[in-house]
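J.: Below is one structure. I have some questions about it.
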Ligand code: ADQ
């Protein structure tokens, strides 16, 4: 009998309409839909009386199981340590990293609270798969309650270099806590190497193949690059009614103009100001493109309560006004910047109608938008992906036009090259990118991780 799977992540669901969800939820629904299990995490609700009382909800062969947070817990654990400290730090933004002892204590308390909530539900043979930077210490807390199950952790964001990580006052305790897992997975080999480097130099650890030993425990550390359900996404872009409607409507609106598309959560790691500057530079340097090309940037607001996110929002609004003020004609608006989310179906259609996918994060664990853009293209008339070298996806997607997002002129030139690229070259690049997406899809990611978690050799 297959062991039951218990997935732990900050947000649980949605299970049905994943259209409005972030990358993690999208990938987990793909991973969980074919297996018995529990998906456990925060309900998204704040309740002053929140303790460890669970809410259970059945969804087919899967039980959704959630806890509420108090306002204080939410401020310290979620907005505080997770999103004002770990998120910027792991994305190399030491300048934005707010370490606060209170945040850190709150984070550990919430990890402990979630461990206490889950512990009574566990069966001895369960496999526990914990996700992302919100729960670095979860296994450590669960083991302190006596749990013996196999536990794996997957980090969706980059793992920083040891010099960067060492700026965090409690770096040692956090890495030590990771050693309570049996398997620790990263998006890329470089992330894994940086983890190993830290453990060797800061914790006198030793490495033997995929095994790494430190703090009296041996665990497995490996790269498991996350994928999308590429075939299903391609199918949706081609066949789904809503996708087709958006595709047609957009093409009709564009006429003979080419569209460049960007789709991101509004976040300072996504390189949006640099992207807008590169687009402005494109219009500056290649006058013949004025009136002929538009940039559609879809970036719904996220983490709106965190100060740094308010700043980036104001900055982008200013830049949009400036670029449009400078270049617009009465029948052409160069930059369209939308702050609302779209359903996955609509996105698929919008990707398909766009000649260029522009994905230029300054740092990104993987970036699923790059993969979705490629999957959504028409095989016979595909668009071109322009991709930051600092997205984990660049390791796999080598046939994209790889750019340095800080090099504004370089990105502008890559955009020009993408817009001019002959059909033959576009088809070749696209075919090989799409093959890669199908080979290393969401199921491949899940199966490899679960194999390692079950203690089996991974192919
Ligand atoms: P995110 O930082 O959220 O994820 P990403 O990988 O691009 O980034 O995932 C975004 C997902 O949300 C995509 O599936 C996309 O379609 C969806 N999305 C984005 N903008 C949207 C919009 N405007 N409307 C609707 N949907 C939108 C984190 C890490 C990434 C890592 C993922 C998965 O930061 O590096 O790839 O987890 O591991």
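Every number in this text was worked out from the coordinates using simple rules, so none of it is lab data. Here the structure is a predicted model, which means the values were calculated and not measured. Ideal geometry is used to build each Cβ from the backbone, glycine not excepted, and the neighbour counts take in all protein chains shown.
J.: Please state the shape class of segment 338-384: rounded when a/c is under 1.5, otherwise prolate if a/b exceeds b/c and oblate if not, all from the C-alpha gyration tensor. Write out the running numbers ahead of the final one.
T.: Details: a/c = 1.91, a/b = 1.23, b/c = 1.56.
Cα axes put segment 338-384 in the oblate bin.
J.: Right, something else. Once every DSSP H run of n ≥ 4 in the chain is given -39500 (n - 2.57) and the sum is divided by its residues, what mean residue ellipticity at 222 nm do you get, rounded to the nearest 500 deg cm²/dmol?
T.: Working: 16 runs with 185 residues, N = 459.
Only helices count here, giving -12500 deg cm²/dmol.
J.: If you average the C-alpha positions of segment 283-349 and of segment 206-244 separately, how far apart do those two centres end up, in angstrom?
T.: Centre-to-centre distance over Cα atoms comes out at 30 Å.
J.: Relative to the first principal axis of the alpha-carbon coordinates of the chain, what is the inclination of helix 241-254, with its axis defined by its Cα atoms, in degrees from 0 to 90 and to the nearest 10?
T.: Around 40 degrees separate the two axes.
J.: Still on this structure, I have one more. Based on the mean of other Cβ atoms within 10 Å per residue, sort peptides 169-182, 129-142, 51-64 so the most packed one is first. Each step should come with its number before you reach the end.
T.: Details: 169-182: 19.1, 129-142: 24.4, 51-64: 13.6.
Going from most to least packed, we get 129-142, 169-182, 51-64.
J.: Rounding to the nearest 10 and keeping the result within 0 to 90°, find how far the Cα-based axis of helix 272-285 lies from the longest principal axis of the chain.
T.: Compared with the principal axis, the helix lies near 20 degrees.
J.: May I pose another question? Taking N as the number of residues in segment 230-439, what is its alpha-carbon radius of gyration divided by 2.2 N^0.38 Å? Walk me through the numbers before you get to the answer.
T.: Working: Rg = 15.9 Å, N = 210, 2.2 N^0.38 = 16.8 Å.
Cα Rg divided by the expected 2.2 N^0.38 Å: 0.95.
J.: Report the Rg/Rh value for the chain, based on alpha-carbon coordinates and the Kirkwood definition of Rh. Write out the running numbers ahead of the final one.
T.: Details: Rg = 22.3 Å, Rh = 22.9 Å.
In the chain, Rg relative to Rh is 0.97.
J.: Also: As I understand it, the value is the acute angle between the Cα axis of helix 307-327 and the longest principal axis of the Cα atoms of the chain; what does it come to in degrees, rounded to 10?
T.: Its long axis makes an angle of about 10 degrees.
J.: Could you compute the FRET efficiency for residue 420 and residue 330, with r as their C-beta to C-beta distance and R0 at 35 Å, rounded to 0.05? Display every interim value, and only then the final one.
T.: Numbers: r = 27 Å, r/R0 = 0.78.
Efficiency, from the Cβ-Cβ distance: 0.80.
J.: For segment 382-436 and segment 63-81, what is the separation of their C-alpha centers, rounded to whole Å?
T.: The distance from the Cα centre of segment 382-436 to that of segment 63-81 comes to 39 Å.
J.: Subtract the Cα-Cα distance of residue 456 and residue 172 from 0.36 nm times their separation in residues, and report this length gain in nm to one decimal. Before the final figure, lay out the partial values.
T.: Working: separation 284, 0.36 × 284 = 102.24 nm, distance 2.95 nm.
Taking residue 456 through residue 172 to full extension adds about 99.3 nm, to one decimal.
J.: Same structure, new question: Assuming 0.36 nm per residue, please report the length gained on full extension of the stretch residue 189 to residue 447 beyond their Cα-Cα distance.
T.: Details: separation 258, 0.36 × 258 = 92.88 nm, distance 1.80 nm.
Extending this stretch completely gives an extra 91.1 nm.
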